[in-house]
1. At a 1.4 Å probe radius, which order do GLU161, GLU272 fall into by accessible area, largest first?
2. Which longest run of the chain has no exposed loop site in it, a site being trypsin sites (Lys or Arg not before Pro) in a DSSP loop with at most 10 other beta carbons within 10 Å, and the site itself not part of the run?
3. With respect to the cross-link table entries LYS7/LYS81; LYS81/LYS138; LYS42/LYS81; LYS199/LYS219; LYS138/LYS233; LYS7/LYS42, which display a Cα-Cα separation exceeding 18 Å?
4. With a 1.4 Å probe and all protein chains left in place, how much of the accessible area of the chain comes from carbon and sulfur atoms, in whole percent?
5. Using a 1.4 Å probe, how large is the accessible area of LEU235, given in Å² and rounded to the nearest 10?
6. As an exercise, use a Förster radius of 51 Å and the Cβ-Cβ distance of ALA194 and GLN242 to find the FRET efficiency, rounded to the nearest 0.05.
7. Roughly how many nanometres apart are two label points built 7 Å out from the Cα toward the Cβ at ALA82 and THR223?
8. Return one number: the angle in degrees, 0 to 90 and rounded to the nearest 10, between the long axis of the Cα atoms of helix 143-170 and the longest principal axis of the Cα atoms of the chain.
Amino acid sequence: MGARLVKRWIQQPLLDLAQIHARLDAVEEFHRDLFLRGDIRKLLDGLYDVERLVGRIGFGNANARDLIGLKRALVRLPQIKARLRPPSPSLPPSVTGEGGLLHQLEQQLDELQDVAALIDRAIVDDPPIFIREGGLIKSGYDAALDELREHATRGKNWLTELEEYERERTGIKSLRVRYNEVFGYFIELPRRDAHLVPKDYERRATISHAERYVTPELKSQETHILATQDRVKDLEYDLFVQVRRAVAQHSARLQTAARILAQLDALSALAECAARYN
């Protein structure tokens with residue numbers, strides 16, 4: 001954000017003398033206060049590009065990782081605002097910069113903690129890239145989703161118990177209950193153990209090293225398990241879209257904060273160059 005702003009400043013230079021002095025005074029203030037400059041640059045370091053994130057959110061293109069990136073930027077705003085705040089109202093304006101550009105930016109900076117809290121409450125900290133695969137929404141955010149997840153967990157537990165039961169029943173310790181999108185759920189065992197399969201096993205496929213079977217019980221449960229998993233993914237997607245739209249409603253506030261961060265980045269960088277290269 002700061003790099004793009006410096007480019008705009010070069011392409012569209014200020015013509016108003018008061019604004020020129022205000023910008024230079026802000027650079028001077030950062031240059032004079034090494035600790036302020038260092039702290040602000042550290043807080044800005046690694047910050048996600050809020051301008052572009054807000055654009056993606058507004059157009060409905062943002063994924064869950066974009067929202068987490070935005071949240072990680074927003075949680076730094078209170079620290080940035082606090083660091084810019086004059087240390088003592090009793091100090092003269094020339095020291096605190098009160099009335100100057102940095103003071104104005106501090107006053108205008110919205111901490112946006114309501115938006116950060118919404119994202120934090122809804123979205124897991126390390127979400128997948130694709131928003132239709134599930135695993136986006138935190139437990140406790142939506143009661144209906146929690147209930148569906150509980151049903152899905154019971155289905156997974158049932159599959160684990162079925163695997164253990166079939167191992168005991170057949171004596172085949174390497175027996176596995178597996179899944180793929182072509183065959184669904186099936187029981188897989190080595191071809192050498194095919195003579196041990198019970199009569200209720202129905203062969204579904206033969207591969208180079210194994211045989212795949214289904215049982216009437218597995219077929220009857222498969223539909224319920226897959227339907228529940230699909231409902232979980234669909235509901236998570238709907239909830240994510242709702243959260244994204246709720247964040248998008250704050251686009252104006254977010255863009256204002258992004259512009260302030262860009263200015264702080266550019267001003268502190270110019271001061272850093274002044275200090276390094278005299």
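The values are calculated or read from the model by the stated rules, or taken from the named source; none is laboratory data. Quantities reported herein were computed from a predicted structural model and do not represent experimental measurements. When we count neighbours, we look across all protein chains shown, and the Cβ atoms used for this are built from the backbone with ideal geometry, even at glycine. Note: accessible area is taken over every heavy atom of the protein model, side chains too, but ligands, DNA and RNA are not part of it. Shrake-Rupley method; radii C 1.70, N 1.55, O 1.52, S 1.80 Å.
1. Values: GLU161 120, GLU272 40 Å².
In descending accessible area the options line up as GLU161, GLU272.
2. Working: sites that count: LYS173, LYS199.
Free of exposed loop sites, the longest segment is 1-172.
3. Pairs exceeding 18 Å: LYS7/LYS81; LYS81/LYS138; LYS7/LYS42.
4. 51 percent
5. 40 Å²
6. That gives a FRET efficiency of 0.50.
7. 5.8 nm
8. 40 degrees
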